[in-house]
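A short write-up of the structure that comes next.
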Amino acid sequence: MIKALRGMKDILPDENEKYIYFLENATKLAKNYGFEYIETPILEETALFKRSVGESSDIVGKEMYEFVDKGGNSVCLRPEGTAGVVRSFVEHKFDRILGVKRYFYYGPMFRYERPQKGRLREFHQFGVECFGEDNPYEDVNIILLLKDILDFFGINYTLKINSLGCQNCLPPFRELLVKHLYDIEDGLCDDCKRRIKTNPIRVFDCKNESCQTILKDAPRLGSALCKECDESFEFVKKKLDELGVEYEVDTNLVRGLDYYTKTAFEFVSGDLGAQNAVAGGGRYDRLVEFLDGKSTPGIGFAIGIERILDLIELPKKEMNGYYFGAMDEDAVSLIFRLGHICRKRAKTEISYQKKSLKAHLKAADKKAARYCVVVGENELKSNSVWVKDLVEKEEKLIKLEDFEKGSGL
RNA sequence: GUGGGUGUAGCUCAGUUGGUUAGAGCAUCGGAUUGUGGUUCCGAGGGCCGUGGGUUCGAGUCCCAUUACCCACCCCA
């Protein structure tokens, strides 16, 4: 038996209903905020992700589905959505036009990781990106949109925010931190020793207690922010306070993608297992330049769709549409014709098998149809159809010509 | 990549210190006096007990290997 690849899942009708429910409402909210739909290819040149996400990141370093295509190009399945949108933005020269552009997207992403709860190799994200707006109001705006989406679905979460600094304050801080870490290297765990080289800021959320005690005297990013970053972070916090949006400043919050600057945020949920981030995002003011565009500020977020689906409860499904059944072999062609007419009005399912009335009612119920339409010997004789409203429990005999016109129900 | 756990019916799982014909619930299909659904009652179908090897008179059960899934580390949405 051939099975789906590791970490890849079929999205079956049950799950899909939720998926569509999520997508429809998230889309609507994003549009209300002025975002427009954009779709970019799933396959992109490898260099795109090396230059945007960053070669030092785990995503590019070891998690990409990368291969050489028949033309000899190094390509990969996108591991995240932002890079492609930025590529498109630059390629179509929108960086030359002044003004603000807002996009949203959704679709599959691929990362070659060991699967676990909330982590798949093929997963789906819904994300938004805003270009050309450096006003911290937009940081607040983006957080509000994300909050609105999560609130719409009644999800419990904690909002964590942090500032990652910019090109002026982050590099000097990083240098200072690395220097300090080398001084205390002997006391650090193996993971942290590795992190000094790969991602020094990560040491702050090491779970090892001894590391935490040693790190007490280490320099902190919060106190190293430049004036501009500090002001913008303070502004975001102030606005969130004013709006009554609860948040936690988490100085350990680090985005794993190299392009993030300044405001970073994450919505976490306690009901998700170890992979507790439902959504995350932040500002990326240098990314457009990294991809050969004219310097343009950007900010966005992405929601892990599988993760949010885990937290969403679908509203109760109502009985609707028609179910057609025949109790006589000769009635099948009639109900097939009638059913076809009904499809223009509502969901309609037709059973081609002659069955007992009871069997048809049972089937109609299972299909969650509102009306069970049955034709048997009696109805054939009287040129009518028997219809039962499964919700109101009322039944009627309707003249064929009336039923065809859509009246009588 | 590193740990730990689990593979028995379509699904969720029982299955004693190894013992004869492998069990339940749910789901499916059929019936409960002639054409009335969701609840109830009765019945039926459905299993290479993940795969390969070993121990044994005898293995779903014990041992080894392998593979898949799950969870965690790591990382992230």
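The values are calculated or read from the model by the stated rules, or taken from the named source; none is laboratory data. Just so it is clear, the structure is predicted and the values come from calculations on it, not from any experiment. Ideal geometry is used to build each Cβ from the backbone, glycine not excepted, and the neighbour counts take in all protein chains shown. Ligands, DNA and RNA are excluded from the accessible area calculation, which covers all protein heavy atoms including side chains. Shrake-Rupley method; radii C 1.70, N 1.55, O 1.52, S 1.80 Å.
Taking every DSSP helix (H) stretch of at least 4 residues in chain A, weighting each as -39,500 (n - 2.57) and dividing the sum by the residue count yields a mean residue ellipticity at 222 nm of -10500 deg cm²/dmol.
Solvent-accessible surface (1.4 Å probe) assigned to A:K117 amounts to roughly 110 Å². All Cα-Cα separations within the range A:263-399 were binned at 5 Å from zero, giving a P(r) of 2, 9, 14, 13, 9, 5, 5, 6, 6, 7, 7, 6, 5, 4, 1, 0, each value a whole percent of the pairs. Accessible area per residue for the range A:191-280 is 50 Å², calculated with a 1.4 Å probe on protein heavy atoms, without ligands, DNA or RNA.
When the pairs A:K18/A:K393; A:K9/A:K117; A:K160/A:K238; A:K237/A:K262 are compared against a 24 Å limit on Cα-Cα distance, A:K18/A:K393 fall above it. For chain A, taking a cut-off of 4.7 Å between Cβ atoms, the unpaired cysteines are A:C76, A:C130, A:C166, A:C189, A:C192, A:C229, A:C342, A:C372. Distance between the 7 Å Cα→Cβ label points at A:N32 and A:E248: 2.8 nm.
Globularity index of chain A is 1.30 (Cα radius of gyration / 2.2 N^0.38 Å, N = number of residues). Derived value for the range A:84-177: Kirkwood hydrodynamic radius 16.7 Å. Basis is the mean of 1/r over every pair of different alpha-carbon atoms. Legend: Rg and Dmax of the range A:322-405, from Cα coordinates, 11.2, 29 Å. Rounded to the nearest whole Hz, the Karplus-based 3J(HN,Hα) values (6.51 cos²θ - 1.76 cosθ + 1.60, θ = phi - 60°) of the range A:282-288 follow the sequence x, 8, 9, 6, 9, 4, 4, with x at glycine and proline.
In a simple Cβ point-charge model (Lys, Arg +1; Asp, Glu -1; nothing else charged), chain A has a dipole of about 1000 debye relative to its Cα centre.
Counting Lys +1, Arg +1, Asp -1, Glu -1, what net charge surrounds A:I184 among other residues with beta carbon under 11 Å of its beta carbon?
Net charge in that neighbourhood comes out at -1.
Helix A:332-342 axis versus longest C-alpha principal axis of chain A: approximately 50°, rounded to the nearest ten. Between A:V288, A:L98, A:Q353, whose Cα lies farthest towards the positive end of the dipole of chain A when Lys and Arg beta carbons carry +1 and Asp and Glu beta carbons carry -1, centred on the Cα centre? Farthest along the dipole direction, towards plus: A:Q353. Take the range A:322-405 with all the other protein chains still there, run a 1.4 Å probe, and you get 59 Å² of accessible area per residue. Placing a label point 7 Å from the Cα of A:S210 along the Cα-to-Cβ direction, the residues of the range A:180-195 with a backbone N closer than 18 Å are A:181-195. Within the straight-line cut-off of under 13 Å between alpha carbons, none of the aspartates and glutamates are reachable from A:K227, sequence neighbours fewer than 8 places apart in one chain being disregarded.
At 1.4 Å probe size, with the rest of the protein present, what percent of the exposed accessible area of chain A is carbon and sulfur atoms?
Of all accessible area on chain A, carbon and sulfur atoms account for 48 percent.
Rounded to the nearest 10 degrees, the angle from helix A:136-152 to the longest Cα principal axis of chain A is 30 degrees. Here the relative contact order of chain A, from alpha carbon pairs under 8 Å that lie six or more residues apart, stands at 15 percent.
Placing a label point 7 Å from the Cα of A:E113 along the Cα-to-Cβ direction, the residues of the range A:138-178 whose backbone N falls under 20 Å from that point are A:157-162. Among the listed pairs A:K207/A:K239; A:K317/A:K344; A:K347/A:K381, those whose Cα-Cα separation exceeds 25 Å are A:K207/A:K239; A:K347/A:K381. So which aspartates and glutamates can A:K355 reach, going by Cα to Cα under 14 Å and dropping same-chain residues fewer than 8 places off? Qualifying aspartates and glutamates at Cα under 14 Å: A:D328, A:E329, A:D330, A:E377. A cut-off of 5 Å between modelled amide H atoms, ignoring neighbours fewer than 5 places along the same chain, links A:Y112 with A:M64, A:Y65. Just so you know, the Cα atoms of the range A:129-197 work out to an Rg and Dmax of 18.3, 49 Å. Sorted from greatest to least, the principal axis extents spanned by the alpha carbons of the range A:292-365 come out as 73, 29, 18 Å. Cross-link partners for A:K31 among the lysines, with Cα-Cα distance under 18 Å and sequence neighbours closer than 8 places in the same chain left out: A:K101, A:K147. How big, in percent, is the set of alpha carbon pairs in the range A:15-136 lying more than 26 Å apart? Counting pairs separated by more than 26 Å, the tail of P(r) holds 29 percent.
Distances longer than 13 Å among the Cα atoms of the range A:55-95: what percent of all pairs is that? Result: 64 percent of Cα pairs exceed 13 Å. Seen against the Cα atoms of chain A and their longest principal axis, helix A:227-242 is set at about 40 degrees.
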